[in-house]
Amino acid sequence: MLDFLLGVAVVAAIYGILAISLNLQAGATGLLNFGLVGFFGIGAYATGISTMHGAPWPLGMAIGLVLAAAAGAAVGRLGRTLAAEYWAIATLALAELLRLVALNTDSLTRGPQGISAVPGFFSGLGPQSRDLAWLGLAALVLALCWWVSQRVTGAQFGRVLRLVREQPDLAASLGHDVVGAKVRVMAISAPMAALAGSLYTHYISFIGPGQLEPFATFLVWTMVVVGGLGNAFGVIAGAAIVQLLFDVTRFIDDVFDIPSENAGGLRILVVGAALLGFLYFRSGGLVPERLRRIDARS
Amino acid sequence: MLAAEGVRKHFGGLAALDGVSLEIREGEIVALVGPNGSGKSTLLNVLSGFLEPDGGSVTYEGRPIHRLEPWDVSQLGLRRTFQLAAQPTRMSLLEVMLAGARLPEGSSAWRSVFRARRVRAEQRAAVERARGLLEELSLLPLEHHAAGMLSGGQQKLLSLGAALMGDPRMLLLDEPTAGVNPTLRRTLAERLRTIRARGTTLLIVEHDMNFVAELCDRVYVLDKGRVIAECAPSELAEDERVVEAYLGSVRPTAARRAPGATAPPPEVRT
Amino acid sequence: MPFRHAARRAVATAAVAALTVGLAACGSGDDSKSSAAQATPKVNPELKGQVTIGAVLPLTGASATIGKDQQRGIELAVDKINSGGGVLGKKLVVKVEDSEGQAASAVNAARKLVSVDKTPVVIGEYSSGNTIPIGQYLQQRKVVHINAGSSSPDIAKIGDFSFSVIGLDNIAGKFTAEKLVQAGYHKVAFLAPNNAYGTGLLKATRAALQQSGGQIVQSLLYTEGQSDYRQELQRLKSANADIVIYSAYGKEAATINKEAYQLGMDPRKFFGIYLTMCTTDSDPRAVDGQQGMDVNYIGPNGSAYKSAYEAKYGEGFRTSFSGYTYDAVTMAAKAINQAGSVDPAKIRDALATVGKRYEGVTGAISFDAHNQRSEQPYLIATMKDGKVSEEGEVRGPEA
């Protein structure tokens, strides 16, 4: 059981990184990104393709970060011409485009069968220690991303983001480059998602186009809504809770003697119901965003 | 200081601005009046960079600004407020005021992360100033409240405060008294005079003729996208074109009452 | 508060979509006729206690049709084993976990089986994109892994704890190509789903055709889950090939066959890889005269399996994959009995020996040096009156 829970914890931590990334975009700035999995995929495939060609893992990860930052900035720039909902659809389309490229470009990505035998970390350690080491690594990266997120949203830049979120004209009239702010927040948050992708690829030693489907984006959205959109701590809590919910419901058919195939649908139902329930009854999430209080010290 | 030269703006087949020229000199308080649909807000948007004109030009302190982004115009020292001063619901008054300040350290994402101490120091000074301004605007007790929860009038005051945080050399105000109660209007006029005294030139779009007469040096009258008159507030009532434009609506009381009138004429309303 | 409304609306719509998917997935569990025709399995009353092994299958998601059929193979094997001597004198239980067709869930499922249910053997999955991560995890944990559904050559590299009872490298494609060229077909069109299965099959078929002197004049990998395939079929029609090799399953197989027939394409000019799977839901008129190849369910064990399947589920094979999981379970049981223990390392050694020569329901199985199945007997068949009937050889183009 411990082994199972450790596995859940590592994946929850990696999803936590994705949640922080989405929170910077949607929570702080009001950017409705429905294509988050695309940035995840950039990091994952950068790692997969580089290691496949024998490159050392830091290079793969770095390539993923740089590509994601560039892609994020480009997508952010689109926010100039596209209104919120249209931008959301565009991000969804772009992520799907990436998935299709991964699916069909055999020479680069090995197509549908994916890239396997990606070197994992901590291979010298025994299974239990390896899981603990992974948990430590994932938690460390999560903490780092959380720290960056807090700093980025804490000062004037953060205020600009929040103003862009609700009253972009007011922001512009006060001298803030609205488009530039969107570009910058995307350039900061997209690499976080890519980092999550690289980590996950090293964790299961595999990446395939099946992991780039929109469902992953919506799972992170659920985590962010349940946890508290706009609250960095909240979204991490949301990631942990939703991941736990999703994985622990695997035990439904053990406890309740439901046929396994129905249990699978039931689990998706539970996640969907949680999302809808929160949207309707507690849209702020479990840990809602709070008004920032600026006192004399800060 | 600010000059518009032959500004034209079309929306589909409609000419919202049809060759508007005006000039505001440093230190003035100028009003821009006109009936609904005359193009006042459109003109304000063009002057502040929120709309690009189809023809003509706008120069500010000698340089053309009509092709600049609104935030660049603001950075040059020309700020504006909005008719509907909608404030964010998830930011406090103090935060909105700070957002109006020029904080180069804090505005950089990089420095927010890696130079937190410097950022905090820069912010402390701004917080002091913001609270001072809020006090002048009688909003200080609400400093930690959500800005979007304020009443309409208070939100307008907050807009003004936030704009002032950037030490603008010129301010374009879009109907600053709409929705503000009469007592507050008087204080507002006082405040604007102080602001001018401190070195900010003002262009005010207004409907309240009393307010205009009390405060402004000059008035431009706009109708159907054209400037039809430019005069002192006291001369407005006499100008036939102005009266015609308003279709015989009321004259300002600051001039003189028509002999024999008993009740003060009501104010011009939207 | 425009942002709040936009965000709430957008995410609420997405949530409704997700819920609908969930409900559909829930509901589709009922379309198998298993509950109706199920005969109560007779468990040997002498068996005391139980031995549990695990399976990770796509019970929901895009490959649910296959996953559920794989589960049927497991159920039949469990019935057979428990009506006899069981495993180590105990009842055999196969704990099936849903991979949902996703790599992350598949690995999570494998983890649960290993660390909670403590299974020494895990069978799974169907899609290479899921089988490989599971296999790698099980290899790491030194638990026996049996692949009964994927055919990516990368599976051979997983390690010594990983076995395959299904032939890798898409031998099905090679077999098909050689048989067709032999029968006189040289210009061939190809249609399969755009996933690991389809692309692997295309690669193998194309290579084998070129070697034998034939060629693919038009190949199409279709996106799964569409409601209409006329566009793809039109392109195949205009390619004017001697014969169309195709492979499909689930609802699309029926749609493809129906639409091909409506477009006036001659079913006799179609060759289905895993013919049973391709035609199981299709209108008999639309597929009458279609040829194909399939897993060899003839032979001492095969036909008994076919009858048992039909008796329990009240219908013919839904896909061609249930036999492989059946073989996986029976081989695992035999290996555990031979090892005399549930220690994974011992089971691994025993399984390697068992697999040297094993008569499965899918034909004779023999493992190569990497513990992957090397031989794969297939048979040729034709559709007659809605039934798959075996033929000796492929009917030539003039016939």
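The values are calculated or read from the model by the stated rules, or taken from the named source; none is laboratory data. Worth saying up front: this structure is predicted, and the values here are computed from it rather than measured. Don't worry about glycine lacking a Cβ; one is built from the backbone with ideal geometry, like all the others, and counts go over all protein chains shown. With ligands, DNA and RNA removed, areas are computed over all heavy atoms of the protein, side chains included. Shrake-Rupley method; radii C 1.70, N 1.55, O 1.52, S 1.80 Å.
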Treat every Asp and Glu Cβ in region A:2-210 as -1 and every Lys and Arg Cβ as +1, leave all other atoms uncharged, and give the resulting dipole magnitude about the Cα centre to the nearest 20 debye. 360
Starting from the Cα gyration tensor of region A:1-158, multiply each eigenvalue by 5, take the square root, and state the resulting semi-axes largest first in whole Å. 28, 23, 14
Kirkwood calc, chain C, C-alpha pairs only, radius in angstrom 21.9
Antiparallel bridge percentage (DSSP; both residues within chain B; nearest 5): 55
Between region A:168-192 and region A:9-45, what's the alpha-carbon centroid distance in Å? 18
If you split all Cα-Cα distances of region A:89-247 into 5 Å bins from zero, what percentages do you get per bin, shortest first? 2, 7, 12, 17, 18, 17, 13, 8, 4, 2, 1, 0
Estimated distance in nm for a label pair at A:M1 and C:R285, the labels positioned 7 Å out from Cα along Cα-to-Cβ: 6.1
For chain C, the per residue accessible area (1.4 Å probe, Å²) is 38
The distance between the Cα centres of region C:73-151 and region B:1-79, in whole Å, is 72
About the Cα centre, charge dipole magnitude for the protein assembly as shown (Lys/Arg +1, Asp/Glu -1 at Cβ), debye: 1860
Report, as an integer, the average count of C-beta atoms from other chains found within 10 Å of each Cβ along A:115-122. 3
Tell me the carbon and sulfur percent of the accessible area for region B:69-114, rounded to whole percent, probe radius 1.4 Å. 60
Pop out a list of residues from region A:262-283 that are at least 20 Å² less accessible with all the protein chains around than in their chain alone; 1.4 Å probe, no ligands or nucleic acids counted. A:N262, A:G264, A:G265, A:R267, A:I268, A:L269, A:G272, A:L275, A:L276, A:L279, A:Y280, A:S283
Taking Cα atoms, how many degrees apart are the long axis of helix A:2-22 and the longest axis of chain A, rounded to 10 and kept between 0 and 90? 30
About the Cα centre, charge dipole magnitude for region B:1-77 (Lys/Arg +1, Asp/Glu -1 at Cβ), debye: 160
Accessible area buried between chains C and A, both sides summed, probe 1.4 Å, in Å² to nearest 100: 4700
Which of these, A:N231, A:N104, A:N262, has the largest mean-square fluctuation under a Gaussian network model of chain A (Cα springs below 10 Å)? A:N262
Compare the Cα positions of C:H145, B:F11, A:V11 along the charge dipole of the protein assembly as shown (+1 at Cβ of Lys, Arg; -1 at Cβ of Asp, Glu; about the Cα centre) and return the one farthest towards the positive end. A:V11
As a check on your grasp of the helix formula, calculate [θ] at 222 nm for the protein assembly as shown: sum -39500 (n - 2.57) over DSSP H runs of n ≥ 4, divide by the residue count, round to the nearest 500. -16000 deg cm²/dmol
Please name which of B:S74, C:Y246, C:L379 has its Cα lying farthest along the dipole of the protein assembly as shown towards the positive end, using unit charges on Cβ (Lys, Arg +1; Asp, Glu -1) and the Cα centre as origin. B:S74
Taking 40 Å² as the minimum loss, tell me which residues in region A:164-186 lose that much accessible area going from the chain by itself to the full protein complex (1.4 Å probe). A:R165, A:E166, A:Q167, A:D169, A:L170, A:A172, A:S173, A:L174, A:G175
What are the residues of region A:211-232 that lose 10 Å² or more of accessible area, with a 1.4 Å probe, going from their chain alone to all protein chains? A:Q211, A:E213, A:F215, A:F218, A:W221, A:L229
Region C:235-310 to region C:343-399: how many Å between their Cα centroids? 19
Taking every alpha carbon pair in the protein assembly as shown and sorting the distances into 20 angstrom bins from 0 up to the bin holding the longest one, the percent per bin comes out as 13, 35, 26, 17, 9, 1, 0
So what is Rg over Rh here for region B:111-222, counting just Cα atoms and using Kirkwood for Rh? 1.04
Considering only DSSP beta bridges with both partners in the protein assembly as shown, what is the antiparallel share in %, to the nearest 5? 45
Choose one answer from A:L137, A:L108, A:L212: the residue with the largest mean-square fluctuation in a GNM of chain A with alpha-carbon springs under 10 Å. A:L108
Inverse of <1/r> over all distinct C-alpha pairs of chain A, i.e. the Kirkwood Rh in Å, gives 19.7
Looking at region B:208-242, which trypsin sites (Lys or Arg not before Pro) are DSSP coil and have at most 15 other C-beta atoms within 10 Å of their C-beta? B:K224
Here are some pairs, C:K179/C:K306; C:K68/C:K142; C:K203/C:K312; C:K237/C:K384; C:K95/C:K312; C:K112/C:K346; which of them have Cα atoms lying more than 30 Å apart in this structure? C:K203/C:K312
Residues of C:100-110, mean number of Cβ from any other protein chain within 10 Å of their own Cβ, rounded to a whole number? 6
Would you work out the relative contact order for region A:2-210, in percent, from Cα pairs under 8 angstrom that are 6 or more residues apart? 44
Taking the simple approach of a point 7 Å from Cα along Cα-to-Cβ for both A:R293 and C:H186, what is their distance in nm? 8.7
Given charges at Cβ of Lys, Arg, Asp, Glu: the protein assembly as shown dipole, positive-most of C:A339, B:G225, C:F367: C:A339
Checking region B:9-75 for trypsin sites (Lys or Arg not before Pro) in a loop per DSSP with at most 16 other beta-carbon atoms within 10 Å yields B:R25, B:R67
Identify the residues of region C:252-288 with backbone N under 16 Å of a label point that sits 7 angstrom from the Cα of C:D385 along the Cα-to-Cβ direction, or state none. C:284-288
Where the accessible area of chain C is counted over protein heavy atoms with a 1.4 Å probe, how much of it, in %, is carbon and sulfur? 51
Sulfur and carbon atoms: percent of accessible area, region A:2-210 [1.4 Å]: 72
Roughly how much accessible area, to the nearest 100 Å², goes out of reach of solvent when B and A pair up, both sides summed, probe 1.4 Å? 3400
Leaving out ligands and nucleic acids, and using a 1.4 Å probe, what accessible area per residue does chain A come to in Å²? 35
Would you mind estimating how fast region C:47-144 diffuses translationally, via Stokes-Einstein at 20 °C and 1.002 mPa s with the Kirkwood radius over Cα pairs, in µm²/s? 159
